[in-house]
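Step one of this worksheet: look at the structure below.
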Amino acid sequence: MTEWDLSTPVLNVGFRLQWEAAQQAHVLLFPEGMIRLNVSAAEILKRCDGTRVTDELVTELETVFSVQGIRAEVQAFLAHATQRGWVGWVRE
């Protein structure tokens, strides 16, 4: 396991995830605008609520969507979200 797997992702202050009926998609709202998310990104960000470490988040997604082997893709998205400032980390 890596440090990522044992850390807890959380949406940073100033960002809000919500369903936008006009877009027929989840969006990430922030003071400067809005980002329309694809289904995968929305499902990952829904789980960035500070209640589960990344390993638990990946396991939950694999169970809910009956898929295996998505850890690398989830980690890549979380790295992107971190770089963009959407997600912060709580290290246990």
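Computed extension gain for VAL13 through ASN38, at 0.36 nm per residue and net of the alpha carbon distance, reaches 6.9 nm. With the simple spin-label model, which puts each label point 7 Å out from Cα in the Cβ direction, the GLN23 to ARG52 separation comes to 2.3 nm. Sorted fewest first by neighbouring Cβ atoms within 10 angstrom, VAL64, VAL27 come out as VAL64, VAL27.
For Cα Rg over 2.2 N^0.38 Å, the choices are (1) 1.05; (2) 0.98; (3) 2.14; which was calculated from the structure? Computed from the coordinates, Cα Rg over 2.2 N^0.38 Å corresponds to (1).
Taken about its Cα centre, the chain carries a charge dipole of roughly 280 debye when the Cβ of each Lys and Arg holds +1 and the Cβ of each Asp and Glu holds -1. Of PHE30, PHE15, PHE65, the sequence from fewest to most neighbouring Cβ atoms within 10 angstrom is PHE65, PHE30, PHE15.
Just so you know, all these numbers are worked out from the coordinates, no wet-lab data involved. Just so you know, these numbers come straight off a predicted model, no measurement behind them. Every residue, glycine among them, receives a Cβ derived from its backbone with ideal geometry; neighbour counts consider all protein chains shown.
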